1. Obtain the nm distance between the two label points defined at residue A:114 and residue A:23 by a simple spin-label model: each point lies 7 Å from its Cα along the Cα-to-C-beta direction.
2. Sequence gap at least 6, Cα distance under 8 Å: using those rules, report the relative contact order of chain B to the nearest whole percent.
3. Most exposed first by the Cβ proxy, i.e. fewest other Cβ within 10 Å, how do A:31, A:456, A:78 rank?
4. Nearest-5 percent of antiparallel DSSP beta bridges in the protein assembly as shown?
5. Assign one of three labels to segment A:81-234, namely rounded, prolate or oblate, based on the Cα gyration tensor with a ≥ b ≥ c the square roots of its eigenvalues; rounded applies when a/c is under 1.5, prolate when it is not and a/b is larger than b/c, and oblate otherwise.
6. Just to compare against my own numbers: the Cα pair-distance distribution for segment B:57-109, 5 Å bins, whole % per bin, please.
7. So what is the 222 nm mean residue ellipticity for the protein assembly as shown from helices alone, if each DSSP H run of at least 4 adds -39500 (n - 2.57) and you divide by all residues, rounding to the nearest 500 deg cm²/dmol?
8. Just to be sure I understand: of the beta bridges DSSP finds with both ends in segment B:2-242, what percent are antiparallel, rounded to 5?
């Protein structure tokens, strides 16, 4: 009788006059909010997460999901989540889980940075009529290049180039595993990556055979659970990523809940059906930079020297760690910031550990430059990239490319409700329930994701044009073209950015 | 038999020589004077047999898929890391974190092994790995185990030396561990149940140990003289109650 002492967050309401009893809401809700009562639809609003699937599929617009006006008493210190989590913990003794990136109101540096533009004294460029280069190559670059004259008298490159991954624009998809998201959602990412000339990343859940046609646009991941890793897998994609950490849950491992482990996922991961898939917090063969080097080169030996990316969460000492990663032989350092998303993380970890990506990019770029090894690896920045403006700012701070996940899922219907860990996603994204995943038609939704990437591509070109530069590489690390608004002197110093007006 | 002299050869060159020999169709390769070279057998495929004379370095047989490696001496850490199939036989002791995330094939070690051996091993139906350790093992033996078989024999132990360290099978949620002799419940993870092997287990043990004895020239009767105990996970979801939804 003491269950659910927290009032429901949302009220699902049906206008009984408009309702035609078509039951589409019952069918569409993955959460069990609606049921049939004989003559009308019954509502259990405590199950509602406001994912708006029912709203979109109600032909009569009879459904409204409203924020419950019955809240805990307004309190500027004790927020709704504080009180609700205490009540949940009092009921269960458990660790409250959450999905998506942190939604707490920490300062968002991206929103305090503005980009320069040309006026009078330097001409801007019109990207609609002039060439604009967004192509990016990820991988080690030589510190210098030698050329020699060939037999035909023409100059050719003498320096042996390390392997490079060509992407048509510096926006790639972040790792999301088969298990955490549905196979159809992975297919959407793979199709869009191929069409847009960018990359998707398998995450740690193996590579389903249906994704093999897209292998030239796939990075495969090796993490602490070593799920799905075999020689075919390592050699399938264009690169291999070692995942050390994730921005949403730095320093902890992953427990993919048993609800999301049906037979197909169990087979891909080679674990029993219905168990929690455990990705240990550390990789027990990596306790040091030297150990990391050992795994990087074990992978290179097994793949005839494909590029290796190392993904870490942005934490306090990120610059020194990134330096170690580069020295350990990584071709790409993937930084995942505090706002980075997750399929499941303890909210106490997600909301309180790590640092925002903006600081991490600047700190890592500075450190690698100071040490003269910035060319040794590319930086991929992720963790809360919401728009092409965020992407441009991240690149101006020093990233070679950004990676997006939440933005890509939003094109598939995600409303950032944050309940990915339950496996009930009504949009068929973060679920393995066949009746839900079947809704996500890969071809239909790939089209929408391709649209998003093309739109960002146009926007990035517009930004470059306004800046008067015609190649993304002229923006990379070009912090002179950023200004801070309302930031204190120390933050500006860390970012290497002047205040607006200077 | 094709021979490679590893004396003073950098690991990258040595492993290239081995790969080239296999690509050229060599089925039996002897690598002499090995002295700590890393990654021998890393990612190798096919059914060749490689005999290693000397002590190989870390990450031997990582990601290996089908090949057989026979080490005539001791070996180091991280052997059979995420190995897919094939076999590794070690006529001596070996180090820490052996068979991490191993997915198939066999790892036979005559002597003692270090910490975190057989952690996070996996299995799906007939594709399942087996590790047999002739001597003793350190802490965290079979941690997070999700599939496959771990057998620990504790042969030739000096008096007072425990067969295995603490935290045995912590986080185990699949597979089976067989220990020769009795097991103290207090050294096991909370996720582990201890029982006597049944007829099916005896079959698994006999089959695995017959091959182990053949590889390492031991007598099966001697090993089978003592009874085994079987460790299995008590729950498919050891951390199912950890979270509030």
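1. Taking the two extended label points, one gets 5.7 nm.
2. 10
3. Ordered from fewest to most neighbouring Cβ atoms within 10 Å, A:31, A:456, A:78 come out as A:78, A:31, A:456.
4. Antiparallel: roughly 30 percent of the beta bridges in the protein assembly as shown.
5. Since a/c reaches 1.5 but b/c is at least a/b, the shape of segment A:81-234 is classed as oblate.
6. 7, 25, 37, 25, 7
7. So the calculated ellipticity at 222 nm is -7000 deg cm²/dmol.
8. Details: 9 of 48 bridges.
Taking every DSSP beta bridge within segment B:2-242, about 20 percent pair in antiparallel fashion.
No value in this document is a laboratory result; all are computed from the given coordinates. What you are looking at is a predicted structure, and each value in this text was computed from that prediction instead of being measured. Neighbour counts are summed over all protein chains in view; Cβ atoms, including those assigned to glycine, are modelled from backbone coordinates with ideal geometry.
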